[in-house]
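Take a look at the structure set out below.
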Amino acid sequence: MASLAEGSSLTAARTPTAGYWTGVWRRLRRDPVAIGAGLVLLLILLTAVLAPYIAPKDPYAGMTLRRLRPFGTPGYPLGSDELGRDMLSRLIFGARLSLFMGVTPVIIAFFLGSGIGIFAGYVGGRVNTLIMRTIDVFYAFPSVLLAVALSGALGAGFGNALLSLTVVFIPPIARVAEAVTTQVRSRDFVEAARASGARALTIVRVHILGNVLGPIFVYATSLISVSMILASGLSFLGLGVRPPEPEWGLMLNTLRTAIYVQPWVAALPGVMIFITSLSFNLFSDGLRSAMDVKQ
């Protein structure tokens with residue numbers, strides 16, 4: 001009888017969580033815009049992963065005699081760049097670096113910013129004030145200016161650009177984490193757990209994390225599109241990925257002189273940045289609605 005009671009209690013404990021995520025999936029599935037954006041992102045991700053197998057040419061091999069070919073040129077369906085390299089192959093391989101530089105800083109900032117914000121929100125008092133006022137210092141600078149300043153101070157390069165973008169996104173995530181943790185900390189079930197003698201780590205692990213990670217995660221997904229644009233901007237300014245690596249922002253930089261010769265070819269990297277960023281934004285909006293997260 002005791003084991004039967006324990007089994008039923010475990011089932012009851014699991015049912016709300018399973019029902020919640022089932023409801024999230026059901027609501028998300030009813031949003032055609034979010035589903036379409038998700039399929040576009042999935043297609044871009046598969047293209048990046050399978051780039052060595054689906055790219056028709058070597059993205060680094062160029063031929064001066066075939067530079068700046070227009071759309072539909074035999075062997076170059078999307079034309080060629082300023083060095084005669086196949087644009088289709090470079091766009092396909094460029095999805096790798098562009099997605100990596102857009103997603104990785106947000107993932108790292110999600111863990112670091114969430115930890116800082118949850119700690120500040122749960123502890124409260126002077127510790128909260130000290131941490132959040134330090135975080136607010138970063139809000140004195142626009143994100144674009146802060147990313148450029150950090151990259152310029154650290155030096156151009158792939159690793160420094162990732163570090164700069166991570167630093168840019170930690171403050172907003174920490175602020176959201178602190179806000180939702182402060183709200184959850186005052187709930188009755190947290191007060192009851194504290195009154196029963198539960199330790200702080202147990203309260204955070206059992207009662208806090210499950211209620212705050214959802215809103216923080218949804219907010220973090222909305223930053224991926226911003227991260228992609230900032231990463232492309234750093235590469236465009238020469239502070240991110242360096243030639244001859246295929247990356248959409250860097251490709252825009254190298255093709256800017258060809259805008260009057262082959263404008264459609266030169267605009268292709270910008271179109272890919274726009275489509276990917278828009279898809280991330282639309283999918284994030286749909287996910288927020290499906291999870292019923294209030295702004």
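Is the range 79-89 home to any residue that is in a helix (DSSP H, G or I), over 29 Å from residue 251 (Cα atoms) and open to solvent by 10 Å² or more (accessible area, probe 1.4 Å)? Don't jump to the end; show me each part of the working.
Taking the range 79-89 as the starting set, the residues that turn out to be in a helix (DSSP H, G or I) are 87-89.
Remaining after also requiring over 29 Å from residue 251 (Cα atoms): none.
Scanning the range 79-89, I find no residue that is in a helix (DSSP H, G or I), over 29 Å from residue 251 (Cα atoms) and open to solvent by 10 Å² or more (accessible area, probe 1.4 Å), so the answer is no.
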The number of residues in the range 84-141 that are at positive phi and touching a residue at least 12 places away in the same chain (Cβ under 8 Å) is 2
Within the range 50-62, restricting to residues that are touching a residue at least 24 places away in the same chain (Cβ under 8 Å) and part of a loop (DSSP other than H, G, I, E, B), the one that is farthest from residue 99 (Cα to Cα) is 61
Of the listed residues (181, 166), the one being within 25 Å of the chain's Cα centre (by Cα) and more than 30 Å from residue 241 (Cβ to Cβ) is 181
Selection over the range 33-59 where residues are surrounded by fewer than 14 Cβ atoms within 10 Å (Cβ to Cβ) and in contact with a Lys or Arg (Cβ under 9 Å, 6 or more places away or on another chain) yields a count of 2
The correct count of residues that are in contact (Cβ under 8 Å) with a residue 12 or more places away in the chain and either under 30 Å from the mean Cα position of the chain (by Cα) or assigned to a strand (DSSP E or B) (or both) in the range 63-78 is 2
All conditions in (1) assigned to a helix (DSSP H, G or I); (2) at pLDDT below 90; (3) open to solvent by less than 20 Å² (accessible area, probe 1.4 Å) are true of residue 288 except (3)
Within the range 226-278, residues open to solvent by 10 Å² or more (accessible area, probe 1.4 Å), farther than 25 Å from residue 149 by Cβ and in a helix (DSSP H, G or I) come out as 257, 263, 264, 267, 268, 271, 272, 274, 275, 278
Exception for residue 64 within (1) exposed (fewer than 10 other Cβ atoms within 10 Å of the Cβ); (2) at pLDDT below 85; (3) farther than 30 Å from residue 84 by Cβ falls at (3)
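The values are calculated or read from the model by the stated rules, or taken from the named source; none is laboratory data. The structure presented is a predicted model; accordingly, all values stated were derived computationally and were not measured. All Cβ positions, even for glycine, are placed from backbone atoms using ideal geometry, and neighbour counts span all protein chains on display. What goes into the accessible areas is simple: the full protein's heavy atoms, side chains included, and nothing from ligands, DNA or RNA. Shrake-Rupley method; radii C 1.70, N 1.55, O 1.52, S 1.80 Å.
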